[in-house]
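Colleague: Sharing a structure below in C-alpha cells format, with a few things to ask.
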Amino acid sequence: LQRSINDMEELVDFQSEPLGIEDRPGAKPIRITEGRISFDNVTFHYGHHRSALYRDFSVDIAPGERVGLVGHSGSGKTTFVKLIQRLYDVNAGKILVDGQDISQVAQASLRGQIAIVQQEPILFHRSLAENIAYARPSATQDEIEHAAKLASAHDFITNLPKGYGTLVGERGVKLSGGERQRVAIARAFLADARILILDEATSSLDSESEVLIQQAMERLMVGRTTLVIAHRLSTMLPRSKTSSRS
C-alpha cells in the first residue's frame, strides 16, 4: 500500500511541476486531428538574453511529414520542440497546430496530444503494464499488449517471471537501455498522438537494440508528423526534410 501511495505521489509531482506558463482566461482544449505545425514570424530568446535563438522565423510542417533537427548542443533544436509544447512562450509571432494558436489553448491538452520518446525515458517504479498505460490510463490489457508488440517489447516482457506485472525499479533501473526505450515507444503507440517527437532516441544503444528500436520507430512514425532530434546526420532515420541549426 505504501509503495502505491509513493508511486502515485511521484506521478502527481511529475505532472504538477511548475513551468511558469499559465493558461489564458477561457483557454479551451486543443483538438489535433492532422498534426500540421506552423511557426509564423516567431522570435524567441531566453529570459533577458538579447541574442535571439529564433528571429522572424517561419516554417510550415505538413501533416505526416518527417523533419530532422540536427545541430550541436545549444543550437536551438531542443528549444524548437519545447516551443511546440508551449514550455516557453514566444516573444513575437505565433505557433499554430492545426491552425490553432497554441498560446490560446489549454496547455495540458496540447502536451497530452504530443508523444515523446527521449534518450532517457521517464519510467516510474511501477509495473511494466502501468508504465505503458501512463499514456492512456483507461487502456485495456489487450491494448497495452498490442502497443508492446508494435514496439518490439512484448517478447522481452513475457520472458520476465512476472511479465507485464514486473516492477521496473526507480527510473526503470531493472531494465536495459534498449528495453526502456521499447517501453517508451509502446507508450507512444498507446497515446496514438498525431505529433511525435524522437529526442536522440537511439544515440546510446548497442547495435542489436538499435536495429529493433529503429524498426519500431519506423512503424510508429507512419501517419504522424514526426520531429527527430539528433547531433549528427548519420544518426537520423530517412525523412523528407532536415533542418540544421548551427
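Every number here is computed from the coordinates shown, using simple stated rules; none is lab data. These numbers were taken from a predicted model, which means no experiment stands behind them. Backbone-built Cβ (ideal geometry, glycine too); neighbour counts: all protein chains shown.
Colleague: Tell me the GluC sites (Glu not before Pro) within the range 145-183 that lie in a loop according to DSSP and have at most 13 other beta-carbon atoms within 10 Å.
Modeller: Within the range 145-183, no GluC sites (Glu not before Pro) qualify (loop, at most 13 other Cβ atoms within 10 Å).
Colleague: Classify the range 116-230 from the C-alpha gyration tensor, please: rounded if a/c falls under 1.5, else prolate or oblate depending on whether a/b exceeds b/c.
Modeller: It comes out oblate by the Cα gyration axes.
Colleague: When only Cα pairs under 8 Å and 6 or more residues apart are kept, what is the percent relative contact order across the range 116-230?
Modeller: 37 percent
Colleague: Please give me the summed charge of the neighbours of residue 116: other residues whose Cβ is under 10 Å from its Cβ, Lys and Arg +1, Asp and Glu -1.
Modeller: +1
Colleague: Too long at a 25 Å Cα-Cα cut-off: which of 82/162; 149/174; 28/94?
Modeller: Result: 82/162 exceed 25 Å.
Colleague: First check a/c for the range 37-112, with a ≥ b ≥ c the square roots of the eigenvalues of its C-alpha gyration tensor; if it is under 1.5, answer rounded, and if not, answer prolate when a/b is larger than b/c or oblate otherwise.
Modeller: Here the range 37-112 falls in the oblate category.
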